1. How many residues are of a type in the set (S, T, N, Q) and under 15 Å from V466 (Cβ atoms) when one looks only at segment 500-512?
2. Restricting attention to segment 220-241, does a residue exist that is within 15 Å of the chain's Cα centre (by Cα) and in the same structural domain as K169 (by TED's automatic domain parsing)?
3. Among the residues of segment 160-173 satisfying the criterion of being modelled with pLDDT of 90 or more and part of a loop (DSSP other than H, G, I, E, B), which is surrounded by the fewest Cβ atoms within 10 Å (Cβ to Cβ)?
4. Looking at (1) under 30 Å from C371 (Cα atoms); (2) touching a helix residue (DSSP H, G or I) at 6+ places or on another chain (Cβ under 7 Å); (3) at pLDDT 95 or above, which one does V266 not meet, given that it meets all the others?
5. Of all residues being within 19 Å of T914 (Cβ to Cβ) and either among the aromatic types (F, W, Y) or without any contact (Cβ under 8 Å) to a residue 40 or more places away in the chain (or both) in segment 849-870, which is surrounded by the fewest Cβ atoms within 10 Å (Cβ to Cβ)? Just the residue, please.
6. Only one residue in A894, A860, A872 is assigned by TED's automatic domain parsing to the domain that holds E849 and over 25 Å from L457 (Cα atoms). Which one?
7. Among the residues of segment 230-257, write down those that are out of contact with any His (no Cβ under 7 Å at 6 or more places or on another chain), within 28 Å of V177 (Cβ to Cβ) and crowded, with 21+ Cβ neighbours inside 10 Å.
8. Tell me, which strands (runs of 3 or more DSSP E) lie completely within segment 599-712 with 3 or more residues that are touching a residue at least 40 places away in the same chain (Cβ under 8 Å), closer than 30 Å to P774 by Cα and in contact with a strand residue (DSSP E or B) (Cβ under 9 Å, 6 or more places away or on another chain)?
Amino acid sequence: MTLLKEPDFGTPAREGEATVELTIDGVAVTVPPGTSVMRAAKQAGLDIPKLCATDSLEAFGSCRLCIVEIDGARGTPASCTTPVAPGMVVHTQNEKLGKLRRGVMELYISDHPLDCLTCSANGDCELQDMAGVTGLREVRYGSGVEAGANHLDAPTDSSNPYFDFDASKCIACSRCVRACDEVQGTLALTIEGRGFDSKVAAGAGVSFMESDCVSCGACVQACPTATLQEKSVIELGMPTRSVVTTCAYCGVGCSFKAELRGDELVRMVPFKDGGANEGHSCVKGRFAFGYASHPDRVMEPMVRESITDPWRKVSWEEAITYTARRLQEIQSTYGQGSIGAITSSRTTNEEVYAVQKMVRAVFGNNNVDTCARVCHSPTGYGLKQTFGESAGTQDFSSVEKADVILLIGANPTDGHPVFASRMKRRLRQGAKLIVVDPRRIDLVRSPHIEAAHHLQLAPGTNVAVVNAFAHVVVTEGLVDRSFVEERCEDFEQWEQFISGPEHSPEAVESVTGIPAEELRAAARLYATGGNGAIYYGLGVTEHSQGSTTVMGMANLAMATGNIGRRGVGVNPLRGQNNVQGSCDMGSFPHELPGYRHVSDDGARDVYEQLWGTPILNEPGLRIPNMFDAAIDGSFRALFVQGEDIAQSDPNIQHVHAALAALDLVVVQDLFENETAKFAHVLLPGTSFLEKDGTFTNAERRINRVRPVMAPKTGKQEWQIICEIAQAMGYPMHYDSASQIMDEIALTTPTFAGVSFAHLDKVGSVQWPCNLEAPNGTPIMHSDEFTRGKGRFMETMYVPTSERSTRKYPLILTTGRILSQYNVGAQTRRTANVAWHPEDILELHPHDAEVRGIENGDMVALSSRVGRTTLRAELSERMPVGVCYTTFHHPVTGANVITTDNSDWATNCPEYKVTAVQVDLVVEPTAAAAALEPAVAGS
């Protein structure tokens, strides 16, 4: 059996746990009650033949290969479904069992096109492995090749861009069907027919591509034969070596084995021991890695004097020397605060740390910010004010103990699909779901799941809804008084505030659009339904009151005592792979690494002593301030690390004007993106497959990112930063990325116990990781809050200034789709475009009808700041008056539409509420088109 498909059924008993003693093949075994005989045998080092069993699926007992004999029992039960019993004596190998297993294998192979008795070409076939294990030498019925078994002419479905389904090789073991059900939760596959007519189907007469399959790869991973196989394996052959690393897409932070044949990457296989994903994956992490070798990648540094000049390829030495000289010239002319940088949430902690160090120690200012400014900065502010820590409270597995899940402004099945699968498993087990979202996301109603409440609020009214929840909790006597009295402060003042009649569900019904009684029922469910867990996303933070909503959710969790244990908490679903890490590393202009304010003399002294240079005690410029200062002429140069701000930031026309006004724009990235159109220096970046370092995911998990291959550009990104610093006269040098992490651990209390060596030993840790918690802290605030007492904050609802008008009567909200990621720079350069070739505007049928718009029509989408065109899709997912689009394609430029409204505390843009108009684009007739030039010139 191959390394990748070798299931580990061993689960030793924990100290102090009840145990059962039994004997298997003469070996004494002690295991916890409820353990299967197969798992107990594995723990004893005894392998029982199997096909339908894996450690990631529920016991099934269909293949009949894992049969055993038990003294005193009748028959030969399946070991995977038989629980142990005290004193049980089990025999896994004898002549009778061997004969039965060989008979079973004969039946499988007689209906299989590969001669599994002799075939060695396919090294990933468990059927072949089991034939050897059972000692099968010949097939009385003739092998499938010889006998022309019943389904050898079945066609191969190659519709999916990443894997084939060769039905002729299928043994109908159901592992793919069960993986789709139990692991992914999509239920896209089924077994059709009975007996020899049984076959796997992706739907009634449809291909995999046409079905509900989300291409997570769980079925491919589960398949014991070559029925479901990656096209890359078919093309390149079986891999020969692997490197464990971390996905560079969303904030879940899945661990993968990057499997290579020689130096060529063949496939990414989810790592079973990955703390965040535990062997599962999504279509992006599993398959969409081709961008790393895409011909569009920038491989050599380029410079130009003006953005109207052509690029000139140069050596690394020239590019670094030019960049350093221009930065020094600009700072000498315009002052110390005239230059700055934006760090990336797609790069490693070590690379981000290097950039912020360059800004503070070399540039001599605090003009450093990060893309978290435009996504989750309200999370940092709101949780710091209430709990004292700028991060989520739980690990992902905590959801397995949740009884009620309050999901606000997040769409996990599209944005965080691997966590969504974990959440769906818990919901199918009986947990209740409350969805607060203007749009009817998939989790509102999906196979075997239906939300108890879908509160379809008006965009921009999150604070009013959360306050109404809290009002019900307080006025109906649902407060956990003992928790509040013991662990919180400022409750009485908040209680008086939130008890006011203006916060009641009845009072806010006209504002939120949610029926008062339904909101009351949802609040009661959260407060009384057992462990209540809050999960939220950008639909909370990207509002003018994003920080207020975060504080309101923290208030709600504290009031109900839903903090400090498994199954509860306030949990942000971070957007990019290292958003949490980029914030941890001191990327904000007011904070040093570890969220210590730049005015903190003690924190500054640590870095001043280590870096040998003064650190300013005043915050620097935020991203919006940088843009404004660029236009007014006081800010002159910007280093942009791995962020396409010219596509992703709001009010793009303003961003473009700011970039065009700068004397120097330096972009470090994989591709010549939209921001690079304004750049004077373009420095090639490295893909995650080339990086050496760490990412920190949404649950504060620090994962190793190991280089699968050498940097294609010849340099790691942190090395480039160091060389720029050195060219500017500052001695900044590291021998390796691990030395940077050592410096982070030396200076940042929450990372004090982190090192590459420790991570390589234990796998991953969740900060804080220090002497008190050497293996990390999965659950925060268990005994006390980071700030001591949890603080209740008054959260006044202030309506957004962005409201619908007669000119702009609709409200636009934005989000992501499963197959694409962020601005699409990576996923658009993979086969994922097959699912999402363009951004679509979802429009309610009523809103479409009054505008004469039909499904598929091109429409003009306009706001008070811009206009774009895209295709309309009629959908009842939104309420009347609300439309929705994604922002993955620069040709659409959805952020041409979004305004510069932002969160009052952090300047996080209000992407989720934009007043717009939608008009049908009338294609000109041929005659009219021919007249256009004459008309224009008349």
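The values are calculated or read from the model by the stated rules, or taken from the named source; none is laboratory data. Bear in mind the structure is a predicted one, so any value in this text is a computation, not a measurement. Because the Cβ atoms are built from the backbone with ideal geometry, glycine has one as well, and the counts that use them run over all protein chains shown.
1. Qualifying residue count, segment 500-512: 2.
2. Filtering segment 220-241 down to residues within 15 Å of the chain's Cα centre (by Cα) leaves none.
Checking segment 220-241: not a single residue is within 15 Å of the chain's Cα centre (by Cα) and in the same structural domain as K169 (by TED's automatic domain parsing).
3. The extreme case among them is P161.
4. It is condition (1) that V266 fails.
5. The selected residue is R867.
6. Values: A894 fails: over 25 Å from L457 (Cα atoms); A872 fails: over 25 Å from L457 (Cα atoms).
That would be A860, the only listed residue that is assigned by TED's automatic domain parsing to the domain that holds E849 and over 25 Å from L457 (Cα atoms).
7. Answer for segment 230-257, where residues must be out of contact with any His (no Cβ under 7 Å at 6 or more places or on another chain), within 28 Å of V177 (Cβ to Cβ) and crowded, with 21+ Cβ neighbours inside 10 Å: E230, S232, V233, P239, C247, Y249, C254, S255, F256, K257.
8. 693-696, 701-705
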